[in-house]
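Read through the structure below, which is laid out as structure tokens, and then see the notes.
The values are calculated or read from the model by the stated rules, or taken from the named source; none is laboratory data. Everything numeric here is computed off the predicted structure, so don't read it as measured data. Because the Cβ atoms are built from the backbone with ideal geometry, glycine has one as well, and the counts that use them run over all protein chains shown. We work out accessible area using only protein heavy atoms, side chains counted, and drop any ligands, DNA or RNA first. Shrake-Rupley method; radii C 1.70, N 1.55, O 1.52, S 1.80 Å.
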Amino acid sequence: MTTRNGLAQTGDSHVVAPGETLTEIARRYQTDVSTLMRLNALSDPSLIRSGQRLIVPSDVVGSGAGRSSEAGSALETTPTEGFIDTATRIYIVHPGDTLASIAAKLQTTAARLAEMNQRSPSMVLHVGEALRAPVAEGIDFAPQAGNDIPVPGKYYVHVVQEGETLSAIAAAYGTSLRRTLETNDLADAAQVRPGQRIVVPPPSFAELFAEAPMGDNGVPEYPVVPTDDKWISVDLDHQRAYAWEGNQLIKKFAISSGKSRTPTVTGVFRIWSKVSSQTMQGGSRAAGDYYNLPNVQWVQYFYRDYSFHGAYWHNNFGVPMSHGCINMTNNDAKWLFDWAAPTVSYRGWHFMDSASPGTLVVVHR
């Protein structure tokens, strides 16, 4: 769920941790619940969920997963009037691009792009350079998976009976309240009434896999196989990733996912972009978590700025260490980079297309 506020925003974002309440978040950022509700257009303070990004009136950056650049450009983001805070994207400079032409294409201003990337508006752009840019509603230049994300079951229509709750309906069909709310575009479970027809979605593979027991061989015993093709599963609780072809395990890895303050997103995705090497930077100097890491290798983005990539700055794999991305050893990251689609034959940025769709990724607890 993303929220939009017509007021100018001057804060940063916070990623909701499991079990965290709006009251606790307000206390942490020295504000109040009503301010957070206004900034995020929330009608009910209880309607927040783990992994959701909230606008907060603070200098502290929330996740910062994969905040990145080539050629060393700084990519720290701050919300802008008329833009969805959680929908910033990486834009790759094409031949003939100028800051002004990119701004016009993305319905923003050259000054805003210069500010977001901490560079002079007169600086020459280089083909293949990555810029951070806000995305106006209706503008989407990042490759999307479309409708090809598989689901393990069917959708059902349920007529609400007297005394039934939405959570009980979702549980009866083996799915989650969150997915049921999202499918029916409901902000509050209390909105349902007797006689109302509710579309009940199947659970996602991430939800199903969260219940999978761990086998004696250290591999989760997943109840179903999402595809006969290549796919990757990430078990955040055990800090492991697995490369599969159908039901055959090809390779497993120790990883470091996001720390509790900057958790890794869960869900079902496809790799949408990859690059062999880039600079990553983000965080906040004020909060003491600023980072600038050149030559991060074998990067594969699977959801917005969340990616698999090599990590040379620590060797503590098996323990959460990141700002949201999935850290691997450089050797493991290169193996996965070479194995997963989209396949590449040269250095630089590569994007998913119909001829080479990205490998399926299931991230679960």
> Which one is farthest from LEU293 (Cα to Cα) among residues in the range 267-280 that are touching a helix residue (DSSP H, G or I) at 6+ places or on another chain (Cβ under 9 Å) and crowded, with 21+ Cβ neighbours inside 10 Å?
Replying inline: VAL268
>> Step by step: first the residues of the range 244-275, then only those that are hydroxyl-bearing (Ser, Thr, Tyr) and not in a loop (DSSP other than H, G, I, E, B), then the one that is nearest to the chain's Cα centre (by Cα). Which residue is that?
In response: SER273
>> What pairs come out if I take residues in the range 183-206 that are over 18 Å from TYR155 (Cα atoms) and pair them with residues that are among the charged types (D, E, K, R) and modelled with pLDDT under 90 whose C-beta lies under 6 Å away, six or more apart or interchain?
In response: ASP188/ASP44
>> Among the residues of the range 148-158, are any at pLDDT below 75 and either among the hydroxyl-bearing types (Ser, Thr, Tyr) or open to solvent by less than 10 Å² (accessible area, probe 1.4 Å) (or both)?
In response: no
> Do we have any residue at all in the range 237-260 that's at pLDDT 95 or above, crowded, with 19+ Cβ neighbours inside 10 Å, of a type in the set (Ser, Thr, Tyr) and within 25 Å of GLN52 (Cβ to Cβ)?
Replying inline: yes
> Which members of the range 177-209 meet the condition of being open to solvent by 40 Å² or more (accessible area, probe 1.4 Å), in a loop (DSSP other than H, G, I, E, B) and out of contact with any strand residue (DSSP E or B) (no Cβ under 8 Å at 6 or more places or on another chain)?
Replying inline: ASP185, ALA187, ASP188, ARG193, PRO194
> In the range 282-292, what residues are in a loop (DSSP other than H, G, I, E, B) and within 19 Å of the chain's Cα centre (by Cα)?
Replying inline: GLY283
> In the set TRP298, TRP335, which member is modelled with pLDDT of 95 or more and farther than 24 Å from PRO220 by Cα?
Replying inline: TRP298
>> Pull out all pairs, ordered by first then second residue, where Cβ-Cβ is under 8 Å, the residues are six or more apart or on different chains, the first lies in the range 14-35 and is closer than 24 Å to LEU236 by Cβ and charged (D, E, K, R), and the second is assigned to a loop (DSSP other than H, G, I, E, B) and open to solvent by 40 Å² or more (accessible area, probe 1.4 Å).
In response: GLU20/SER50
> Restricted to the range 37-55, and to residues that are modelled with pLDDT under 70 and not in a loop (DSSP other than H, G, I, E, B), which residue is most open to solvent (accessible area, probe 1.4 Å)?
Replying inline: ARG38
> Among the listed residues GLY324, GLY310, GLY283, which satisfies the condition of being touching a helix residue (DSSP H, G or I) at 6+ places or on another chain (Cβ under 9 Å), open to solvent by less than 30 Å² (accessible area, probe 1.4 Å), of a type outside the set (Val, Ile, Thr) and more than 21 Å from THR227 (Cβ to Cβ)?
Replying inline: GLY310
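Could you list, in sequence order, the residues of the range 342-365 that are within 25 Å of PHE209 (Cα to Cα) and crowded, with 19+ Cβ neighbours inside 10 Å? Full working, then the answer.
Taking the range 342-365 and keeping what is within 25 Å of PHE209 (Cα to Cα), we get 342, 357-365.
Of everything in the range 342-365, those that are within 25 Å of PHE209 (Cα to Cα) and crowded, with 19+ Cβ neighbours inside 10 Å turn out to be PRO342, GLY358, THR359, LEU360, VAL361, VAL362, VAL363, HIS364.
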> Among the listed residues THR279, THR343, which satisfies the condition of being more than 18 Å from the chain's Cα centre (by Cα), assigned to a strand (DSSP E or B) and of a type in the set (Val, Ile, Thr)?
Replying inline: THR279
> Only one of THR175, THR183 is at pLDDT below 90 and in contact with a helix residue (DSSP H, G or I) (Cβ under 8 Å, 6 or more places away or on another chain); which?
Replying inline: THR175
> Of these, ASN315, ASN295, ASN331, which one is assigned to a strand (DSSP E or B) and surrounded by fewer than 17 Cβ atoms within 10 Å (Cβ to Cβ)?
Replying inline: ASN295
